[in-house]
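Take a look at the structure set out below.
Derivation of every value follows stated rules applied to the coordinates shown; laboratory data play no part. Predicted model only: the values in this text are computed from it and were never measured. Glycine also receives a Cβ, built like all others from the backbone with ideal geometry; neighbour counts cover every protein chain displayed.
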Amino acid sequence: MTGTQEKKRVFIKTYGCQMNVYDSDRMTDALASDGYEATDSAENADLVLLNTCHIREKAAEKVYSELGRLRVMKEEAALKGRNVTIGVAGCVAQAEGQEIARRAPVVDLVVGPQSYQHLPQLLRDVAQGKRAVETEFAIAEKFDRLPAATRERTRARGVTAFLTIQEGCDKFCTFCVVPYTRGAEVSRPVDKIVEEAARLADAGVREVTLLGQNVNAWHGVGTDGREWGLGELLFRLAEIPGLDRLRYTTSHPRDMDDSLIAAHRDLPALMPYLHLPVQSGSDRILAAMNRKHKADDYLRLVDRIRAARTDIALSSDFIVGFPGETDADFEATMRLVETVGYAAAYSFKYSPRPGTPAAGHDDHVPDAVMSERLQRLQALILDQQTAFNHSKVGATMDILFEKAGRRAGQLMGRSPFLQAVLVDADAARIGSIGRVAIDRLGTNSLFGTLAEPASTSIQESNAVEVIS
Ligand code: SAH
Ligand code: SF4
Ligand code: F3S
């Protein structure tokens with residue numbers, strides 16, 4: 001029995017990348033049409049879904065410790081006569097399927113990322129006492145059949161939004177599970193993307209981040225009947241009234257084509273921040289990773305992007321301790337970081353993933369060596385990040401106000417370079433872009449002061465249109 005309340009409540013806990021954040025919202029929307037309302041705590045939910053990540057061992061293990069806690073919660077609820085359904089969605093669900101239910105019998109439902117449109121049916125199966133496991137690949141169907149968010153729900157989610165335009169990956173980097181958990185690359189059609197973006201804008205969203213595991217491999221037939229790449233799509237989306245800012249992630253260096261680079265030069269709505277993972281600075285390791293480009297190709301690409309957009313902020317991902325990585329390989333990574341100069345970057349110890357080619361190598365790097373390398377790399381990245389943030393002190397930038405800040409009377413906004421900026425301003429400004437003079441650098445954010453148009457001295461031209 002589900003208790004006495006009329007509406008059932010669902011709590012979704014999201015792990016992993018932005019695509020999971022997007023998918024969790026889509027699941028909430030699908031369940032809303034099925035009579036579920038979202039709640040923000042597992043304790044009062046009738047359905048708890050873990051939207052999981054399989055990218056590194058730690059990420060996958062977190063799921064099992066959470067399932068341990070949920071088992072206790074489910075047992076306690078049962079004593080009070082309340083039934084709680086526990087489901088595992090996302091990339092661990094896809095990778096492990098039935099195995100999850102074997103290892104954690106508390107799980108009633110396992111659903112892979114391409115099957116969320118089947119959630120209502122799967123829940124009916126569970127209600128009839130079955131254990132439901134669904135891990136089919138049908139990405140196109142997923143997008144066609146998942147309902148859109150209502151205007152109210154979109155509004156409640158804020159002024160920035162994710163929009164998945166491409167899913168899956170055909171690149172098969174030798175360390176990575178994504179091609180196995182998300183399947184082959186599928187691009188959504190232009191009209192569906194434009195429709196969804198327009199709906200978001202209509203509900204008050206000012207900034208959209210286009211998502212894909214390989215977002216710049218997106219392609220489709222454009223409104224002019226020609227084959228479009230991401231560059232052309234961005235130009236089209238920028239025409240939507242109210243969409244002031246566009247971003248995209250994650251891109252692969254091999255898919256940065258000329259029209260996308262041109263968009264960074266010519267499209268004011270495209271923000272000057274680019275996450276362009278390189279993983280390593282060593283050609284030997286890049287080859288073993290199957291990245292299919294050399295360190296120098298990446299550096300030349302960075303030069304071309306910077307020639308198009310001089311102030312662009314770059315970020316990247318790095319793996320240290322890939323099997324066979326020598327001191328010399330690692331030093332090549334450090335040199336690449338020094339050469340590029342990043343605004344931010346994420347770095348990870350290599351984690352062998354079941355079923356991936358690299359996991360079978362026998363030249364694994366000892367953990368202590370990985371730790372030492374990671375620490376050095378992260379110290380260098382932190383220095384660069386601090387220098388980048390510091391370089392904006394004294395500048396005046398367009399800030400999109402997203403939400404209330406930490407203290408009363410303060411708002412949190414984002415710079416074009418994705419920096420968090422805290423400003424004293426009226427809550428009515430949430431959802432608008434204002435000129436802000438950056439005064440100082442705090443621990444995790446910049447602090448700024450509203451620069452009213454009359455007194456603004458623009459010290460930095462960042463090619464972003466002033467809206468307010
Ligand atoms: N599609 C993106 C990456 C998605 S995964 C790309 O091609 O760059 C996000 C990041 O996790 C990767 O960039 C990589 O740095 C890291 N990662 C992936 N598999 C990993 C593994 N087995 N061990 C450690 N880090 C890994
Ligand atoms: Fe993984 Fe490589 Fe595909 Fe990125 S490009 S998702 S790292 S296989
Ligand atoms: Fe993790 Fe799956 Fe994203 S493995 S990083 S949640 S695509």
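Between the alpha-carbon centres of region 147-174 and region 225-267 there is a gap of 16 Å.
Helix content alone sets the calculated 222 nm mean residue ellipticity of the chain: runs of n ≥ 4 DSSP H residues at -39500 (n - 2.57) each, divided across all residues, give -11000 deg cm²/dmol. A cysteine counts as unpartnered when no other cysteine's C-beta lies under 4.7 Å of its own; in the chain this applies to Cys17, Cys53, Cys91, Cys169. The residues Ser280, Ser432, when put in order of fewest to most other Cβ atoms within 10 Å, stand as Ser432, Ser280.
First select every other residue whose beta carbon is under 13 angstrom from the beta carbon of Arg373; then total the charges, Lys and Arg +1, Asp and Glu -1. Working shown, then result.
Numbers: positive: Lys349, Arg376; negative: Glu325, Asp327, Asp329, Glu331, Asp367, Glu372.
Taking every other residue near Arg373 into account, the sum is -4.
3J(HN,Hα) along region 422-434: 9, 9, 6, 6, 6, 4, 4, 7, 4, x, 10, 9, x Hz, from the Karplus curve 6.51 cos²θ - 1.76 cosθ + 1.60 with θ = phi - 60°, whole Hz, x for Gly and Pro. In percent, rounded to a whole number, the relative contact order of region 1-153 is 23, using alpha-carbon pairs under 8 Å and six or more apart.
Could you work out the Kirkwood radius for region 302-382, taking every pair of different alpha carbons, averaging 1/r and inverting it, reported in Å?
Values: mean 1/r = 0.0719 Å⁻¹.
Kirkwood hydrodynamic radius for region 302-382: 13.9 Å.
When only alpha carbons are used to place a centre, region 36-77 and region 299-372 end up 32 Å from one another.
Could you rank the peptides 74-87, 398-411 by their average count of other C-beta atoms within 10 Å per residue, with the highest value first? Mind dumping the intermediate values first?
On the way: 74-87: 15.2, 398-411: 17.3.
Packing proxy ranking, top to bottom: 398-411, 74-87.
Short-range pairs are left out: with C-alpha atoms under 8 Å and at least six residues apart, the relative contact order of the chain is 9 percent. Classify the chain as rounded, prolate or oblate from the Cα gyration tensor: take a ≥ b ≥ c as the square roots of its eigenvalues, call it rounded if a/c is under 1.5, otherwise prolate when a/b beats b/c and oblate if not. Oblate is the answer for the chain, as a/c is 1.5 or above yet b/c matches or exceeds a/b. Of the peptides 253-263, 414-424, the ranking by mean beta-carbon count within 10 Å, highest at the top, reads 414-424, 253-263.
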